[in-house]
Amino acid sequence: MTDNASQTAVGPRWASLASADPHTVASFYRAVLGWAITETNGQLIASAAGTPVADIADLATADGTPGWLIHFGVEDLGTALTAVSRADGAVLPSAAGGGAATAVVSDPNGTRFVLRAPATRHSKWPAHGTLAWGELITDDVDTSAAFYRGAFGWGLTEPSGPLGRREWQTHGRSFSGLLPRPPAMPAETPAYWDVYFAVDDIEAAAAGATEHEGTPLMPPTPIEIGTIAVFLDPAGAIFTLVQLTTDEAVA
């Protein structure tokens, strides 16, 4: 396990979406999450509660891989990238960022995520529309646990609930989850880091997502941190809505 605090990723802190139809999906998330959308140099920046939270880019100008990428904050990007390489991860080329110093990396199972500097920290309950949680859905729990522990010093709780969910922790605080591939997940869907956006009313938000042409994959369902609903947006990107009942995600 690393003992260097500059290598300890915190978060999640941002999300980047590469989409074949960025303006349509921006309108979708505006309707569902109340995002304010601005455009700068062809990139759409989404804000919630007055704070920028995500960027949306055209698939043709991103790295060619559709869907959401979760960002974790680090104090020093170079040190963190060295730690990723030493833990058998990979550093990948990408344009993801939203204006910050970022790098796209992958764990040894090939699951992509972003490191983002500097590592700003949350100090309040996640507001409606903000990025509140992440969840690694993996086929190899042991390899995942060893990588994130070795690269960033993350701890992992014991499994709980019917699907064996676990929680990633830093400094004794949970900030994201780990889920072994559930039986209902199609075999052709690769392992990925899911993004969770906070909502004040999960039933209303789920109804709004369906009304605005989102595709429901899981109806509102209680889990350890609150109630979630999983959707595809109109361009096919997976995301999760969460109404939190715990303050763990503010770590």
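Numbers at a glance
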quantity: Among the candidates T189, T227, residue that is hydroxyl-bearing (S, T, Y) and over 13 Å from W133 (Cα atoms); calculated: T189
quantity: Residue that is nearest to T51 (Cα to Cα), among those in the stretch 192-212 that are exposed (fewer than 15 other Cβ atoms within 10 Å of the Cβ) and acidic (D, E); calculated: D200
quantity: Residues located in the stretch 28-55, provided they are among the small types (G, A, S) and open to solvent by 60 Å² or more (accessible area, probe 1.4 Å); calculated: A49, G50
quantity: R173 at pLDDT 95 or above, under 19 Å from V242 (Cα atoms) and open to solvent by 10 Å² or more (accessible area, probe 1.4 Å); calculated: no
quantity: Residues satisfying the stated conditions in the stretch 58-80, i.e. surrounded by 15 or more Cβ atoms within 10 Å (Cβ to Cβ), over 23 Å from A9 (Cα atoms) and within 16 Å of the chain's Cα centre (by Cα); calculated: none
quantity: Search result, residues across the stretch 127-140 that are farther than 12 Å from G110 by Cα, out of contact with any helix residue (DSSP H, G or I) (no Cβ under 6 Å at 6 or more places or on another chain) and either part of a loop (DSSP other than H, G, I, E, B) or open to solvent by 30 Å² or more (accessible area, probe 1.4 Å) (or both); calculated: A127, H128, T130
quantity: Residues (touching a strand residue (DSSP E or B) at 6+ places or on another chain (Cβ under 7 Å), without any contact (Cβ under 8 Å) to a residue 24 or more places away in the chain and assigned to a loop (DSSP other than H, G, I, E, B)) located in the stretch 168-206; calculated: none
quantity: When residues of the stretch 147-162 are limited to those that are out of contact with any helix residue (DSSP H, G or I) (no Cβ under 9 Å at 6 or more places or on another chain) and touching a residue at least 24 places away in the same chain (Cβ under 8 Å), the one surrounded by the most Cβ atoms within 10 Å (Cβ to Cβ); calculated: Y148
quantity: Restricting the stretch 224-245 to residues that are touching a residue at least 40 places away in the same chain (Cβ under 8 Å) and among the polar types (S, T, N, Q), the residue that is surrounded by the fewest Cβ atoms within 10 Å (Cβ to Cβ); calculated: T240
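The values are calculated or read from the model by the stated rules, or taken from the named source; none is laboratory data. The model shown is predicted, which means the values in this text are computed figures rather than measured ones. No Cβ is skipped: glycine too gets one built from the backbone with ideal geometry, and neighbour counts run over all protein chains shown. Heads up: the accessible areas ignore ligands, DNA and RNA and are worked out on the full protein's heavy atoms, side chains in. Shrake-Rupley method; radii C 1.70, N 1.55, O 1.52, S 1.80 Å.
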